[in-house]
Amino acid sequence: MEAQIEQQLEKILPEDLARTFESAYHVFQGDHDRIDDLLKNGGVLLRKAAQRFTPTQMVLGIAAIAAVAVVLINRATDDDHEGEAHDVSDRKDKK
């Protein structure tokens, strides 16, 4: 019985991970035409993972991915402003 269930579950293949990360990389680099690919590949990966993991593991995994995404986005936006000159003088001194 358990062997039958194992055969019915789809395995998460390295290609699934590679496609999802590749799509995410392109979207992160500004190629917003790849958002559809990212959603499709991410959905396939999420569906396969949901078959294998418990609900608690899924919630923790998604939270970890979201935290990493927030950190990467913050670093990318900080890098955009690096090297720019800013006026730090007091405006009251100017006449």
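Across region 24-40, what is the total count of residues that are under 17 Å from Glu10 (Cα atoms) and surrounded by fewer than 12 Cβ atoms within 10 Å (Cβ to Cβ)?
So the first thing to find is which residues in region 24-40 are under 17 Å from Glu10 (Cα atoms), and the list is 40.
Add one more test, that the residue is surrounded by fewer than 12 Cβ atoms within 10 Å (Cβ to Cβ), and what stays is none.
Matching residues across region 24-40 total 0.
Six or more apart or on different chains, Cβ atoms under 9 Å: show the pairs whose first residue is in region 11-22 and closer than 16 Å to Arg34 by Cα and at pLDDT 90 or above and whose second is in a helix (DSSP H, G or I) and among the small types (Gly, Ala, Ser).
Listed by first residue and then by second, the contacts come to Thr20/Gly42.
Across region 17-41, which residue is nearest to Ala76 (Cα to Cα) among those that are out of contact with any Lys or Arg (no Cβ under 9 Å at 6 or more places or on another chain) and among the small types (Gly, Ala, Ser)?
Within region 17-41, the match that is nearest to Ala76 (Cα to Cα) is Gly30.
For the list (1) touching a Gly at 6+ places or on another chain (Cβ under 8 Å); (2) modelled with pLDDT under 75, I need the number of the one condition that Ala49 fails.
Tallying (1) touching a Gly at 6+ places or on another chain (Cβ under 8 Å); (2) modelled with pLDDT under 75, Ala49 fails exactly one: (2).
If I filter region 41-67 down to residues being surrounded by 10 or more Cβ atoms within 10 Å (Cβ to Cβ) and among the β-branched types (Val, Ile, Thr), which single residue comes out as farthest from Phe28 (Cα to Cα)?
Looking at the filtered set, the residue picked out is Val59.
Can you list residue pairs whose Cβ atoms sit under 8 Å apart, with the first residue in region 41-56 being part of a helix (DSSP H, G or I) and the second being of a type in the set (Gly, Ala, Ser)? Count only pairs 6 or more apart in sequence or on different chains.
Matching pairs, first to second residue: Asn41/Ser23; Gly42/Ser23; Gly42/Ala24; Ala49/Gly61.
The values are calculated or read from the model by the stated rules, or taken from the named source; none is laboratory data. These numbers were taken from a predicted model, which means no experiment stands behind them. Positions of Cβ are backbone-derived with ideal geometry, glycine not excepted, and every protein chain shown enters the neighbour counts.
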